[in-house]
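One structure below.
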Amino acid sequence: MFFEEAGVFLGYFEDIPDGREVGKVGYPLSEVLLLCLLAVLSGAETFTDIANFGHRKLSFLRRFRPFSGGTPSHDHLGDILATLDAAAFQRCFVAWVTSLTGLATEVIAIDGKTVRRSKGAKAAIHMVSAFAARQRLVPGQVKVGDKARASGD
């Protein structure tokens with residue numbers, strides 16, 4: 001059953017555009033996304049955690065996909081994920097979560113915050129988050145330029 005669920009997960013992300021140069025792709029996007037999902041479900045919180053999970057669990061990961069190039073390093077992982085279209089990823093992620101919960105994303109709460117102790121030598125960091133109330137998830141979070149924009153235009 002778990003193998004089928006991995007396929008279902010990847011099915012929601014199959015249309016996400018991969019902005020990398022085709023001839024230079026060493027790690028297929030489906031493998032990277034599956035690696036990230038399984039690592040995060042196992043407690044990974046950083047790119048380093050995800051990369052370490054991939055190296056330790058490569059034989060397990062190969063039950064789902066070939067991973068013929070192994071798994072990416074934490075630096076490479078960050079570069080790959082940075083190329084993703086955030087809005088397209090969010091749409092895919094919300095659709096997948098909605099399929100799991102069976103609930104529509106009817107209520108999305110928007111919240112703006114200034115990150116504590118972020119003033120220092122630089123300008124304070126202001127974040128706006130979307131919270132899917134029924135699913136109890138944060139499907140999106142963005143850094144905004146200033147507090148006026150963080151509180152809404």
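Just so it is clear, none of the values below were taken in a lab; they were calculated from the coordinates. This is a predicted model, so every value here is computed, not measured. Cβ: placed from backbone, ideal geometry, glycine included. Neighbour counts: every protein chain shown.
Return, ordered by residue number, the residues of the range 67-92 whose backbone nitrogen is under 14 Å from a label point located 7 Å along Cα→Cβ of Val40. Under cut-off, by backbone N: 78, 81-82, 84-92. With a ≥ b ≥ c taken as the square roots of the eigenvalues of the C-alpha gyration tensor of the range 3-116, please select rounded if a/c is under 1.5 and otherwise prolate if a/b is larger than b/c or oblate if it is not? It comes out prolate by the Cα gyration axes. Sorting the segments 82-91, 68-77, 32-41 by their residues' average number of neighbouring beta-carbon atoms within 10 angstrom, most packed first, yields 32-41, 68-77, 82-91. With neighbour counts taken as other beta-carbon atoms within 10 Å, the residues Arg65, Arg56 rank, fewest first, as Arg56, Arg65.
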